[in-house]
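Notes follow the structure.
The values are calculated or read from the model by the stated rules, or taken from the named source; none is laboratory data. Everything quoted here is computed from the prediction, not taken from an experiment. No Cβ is skipped: glycine too gets one built from the backbone with ideal geometry, and neighbour counts run over all protein chains shown. Note: areas computed on protein heavy atoms with side chains; ligands, DNA, RNA excluded. Shrake-Rupley method; radii C 1.70, N 1.55, O 1.52, S 1.80 Å.
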Amino acid sequence: PLTHWQTMEWLAELGLKTNPENRSCRDLDEVFDAIRQLERHREELDYEIDGVVIKIDSFHHQDELGNVANAPRWATAFKFAPVQGITQLRQIAVNVGRTGALNPFAILEPVRVGGVTIGQATLHNEDDIHRKDIREGDWVVIHRAGEVIPQVVGPVVSRRTGSEQVWHMPEVCPACGTAIAREPGEAMYFCPNLLCPAQFIRLLEHFTARDMMDIEGFGSVMVYKVIDAGFVHDLADVYHLTKEQLLQLEAIGEKSADQL
C-alpha cells in the first residue's frame, strides 16, 4: 500500500479488525465535516473518545514531512470540547497530601458525565474557589479534564437560593489539628506537623509504590490496614513487619502474607 487508507483496506481484507469510524477525506472541509459527525454520536460508541487523529494519507508525503522529536508533522490530534454536566455541590472538604499540602475538593451529588458517575471533583486551591465564586450548596458545572480528571468549571449563579455558603480554608489541619501555614505568595496551605497521620498515609503509599520501593502487594488498602493495626509508625517499620502480624489483618491469608 502507498497510503494509510489503502493500508486500512488491506488489513480489513486480511480479516483484521479496523475501526469502522475511519474516514478518508479529500480536503479540510470533509475533515471538519467528519469530525462534527463523530462528535455528534460519540456517546453512542462502545468506548470513550476525546477527539480524533487527522493524518496525511500518502506515505511519500509523510516521509517528506518527517517528525519533530517524537511527534510526526503529518498527524495531529483534534480534541473535542469536554462533556459537561450540572449537579449540586454538597460540601467542600480538604485532603492532606504527603508533603502536607491541603487540597480542597468538591463532594458532589453523583452525576453521569461522559459515561462515568462522578461524586467528587478537584478544586485546586482556595484562591481558585474564590475567583470562580464557588460556594457550598451551589449548583455547579463540571467536566472531566482530558476526559479523565473531574473538575468544577464554575457555579450556576441563576440557580442560587441564598442558602449557599462562602467557603474558607480551615484554620487547623483536619487530620491532626495543627495550625496550618501559608508562605507569602504561595497558593497552597500546608500542615507543618511532620507527624501528621494523614501525611504519613500518603507518604507510605508513595514509598511502597512501583516508582519508589516497588513493594508488590503493598497497595493503598494494605497501607491503611498496617497503620490502623498500629504495626507501622514510620517508614522503617515496613521492614520489621512479620508474617504473624500480617495474618492478623482482615482478608490476608497465608499466601498473601508469604508473598509480602
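Among DSSP beta bridges whose residues both lie in the chain, state the antiparallel percentage, nearest 5.
Antiparallel bridges: around 95 percent, rounded to the nearest 5.
For the chain, which whole-number percentage of the solvent-accessible area (1.4 Å probe, protein heavy atoms only) is attributable to carbon and sulfur atoms?
Accessible surface attributable to carbon and sulfur in the chain totals 53 percent.
With +1 assigned to the C-beta of every Lys and Arg and -1 to the C-beta of every Asp and Glu, and no other charges, what is the dipole magnitude of region 93-230 about the Cα centre in debye, to the nearest 20?
The calculated dipole for region 93-230 is roughly 260 debye.
Across 5 Å bins from the origin, how do the percents of Cα pairs in region 10-70 run, short distances first?
Bins of 5 Å from zero give 4, 13, 19, 19, 21, 17, 6, 1 percent of pairs.
Expressed in nm², what is the orientationally averaged projection area of the convex hull enclosing the Cα positions of region 51-194?
Value for region 51-194: 12.8 nm².
Express the Stokes-Einstein translational diffusion coefficient of region 77-130 in µm² s⁻¹, to the nearest whole number, given a Kirkwood radius over alpha-carbon pairs, 20 °C and a viscosity of 1.002 mPa s.
Diffusion coefficient, whole number: 167 µm²/s.
Per-residue HN-Hα couplings for region 180-196, Karplus 6.51 cos²θ - 1.76 cosθ + 1.60 at θ = phi - 60°, whole Hz, x for Gly and Pro?
Working through the residues one at a time gives 7, 9, 9, 6, x, x, 8, 8, 9, 9, 10, 8, x, 7, 5, 9, 4 Hz.
At a 10 angstrom cut-off on C-beta neighbours, averaged per residue, how do the peptides 173-182, 23-32 rank from highest to lowest?
For the peptides 173-182, 23-32, the packing ranking is 173-182, 23-32.
Which ³J(HN,Hα) values in Hz, rounded to whole numbers, follow from the phi angles of region 205-221 under the Karplus curve 6.51 cos²θ - 1.76 cosθ + 1.60, where θ = phi - 60° and Gly and Pro get x?
Calculated HN-Hα couplings, in order: 4, 5, 5, 8, 5, 4, 7, 10, 7, 6, 8, 5, x, 10, x, 4, 5 Hz.
Once the dipole of region 100-156 is set up with Lys and Arg at +1 and Asp and Glu at -1 on Cβ about the Cα centre, which of ALA121, LEU102, VAL148 lies farthest towards its positive end?
With unit charges placed on the Cβ atoms, the residue in question is VAL148.
Between GLU64 and MET8, what FRET efficiency follows from the Cβ-Cβ distance if R0 is 22 Å, with the result rounded to 0.05?
Values: r = 21 Å, r/R0 = 0.96.
My answer for the efficiency is 0.55.
Between LYS17 and GLN84, take the C-beta separation as r, use R0 = 35 Å, and let me know the FRET efficiency to the nearest 0.05. Present the calculation step by step, with values, prior to reporting the outcome.
On the way: r = 32 Å, r/R0 = 0.92.
That gives a FRET efficiency of 0.60.
Could you give the C-alpha radius of gyration of region 1-131 expressed as a fraction of 2.2 N^0.38 Å, taking N as the number of residues it contains?
Rg over 2.2 N^0.38 Å, computed on Cα atoms: 1.52.
Pairs of alpha-carbon atoms within less than 8 angstrom and 6+ residues apart define the contacts here; what relative contact order does region 12-146 have, in percent?
Across region 12-146, relative contact order equals 19 percent.
Could you give the length gained on full extension between LEU28 and HIS240, defined as 0.36 nm per residue of separation minus the Cα-Cα distance, in nm? Don't skip to the end; give the middle numbers.
Values: separation 212, 0.36 × 212 = 76.32 nm, distance 6.43 nm.
Once the chain is fully extended between LEU28 and HIS240, it gains 69.9 nm.
Relative to the first principal axis of the alpha-carbon coordinates of the chain, what is the inclination of helix 28-40, with its axis defined by its Cα atoms, in degrees from 0 to 90 and to the nearest 10?
50 degrees
Measuring with a 1.4 Å probe in the full set of protein chains, what accessible area per residue, in whole Å², belongs to the chain?
On a per-residue basis, 63 Å².
I need the shape label for region 119-220. Rule: rounded when a/c is under 1.5, else prolate if a/b > b/c, else oblate, with a, b, c from the alpha carbon gyration tensor.
oblate
Could you grab the relative contact order for the chain? Cα pairs under 8 Å, six or more apart, rounded to a whole percent. Intermediate values should be presented prior to the final figure.
On the way: 377 pairs, mean separation 31.0, N = 260.
That works out to 12 percent.
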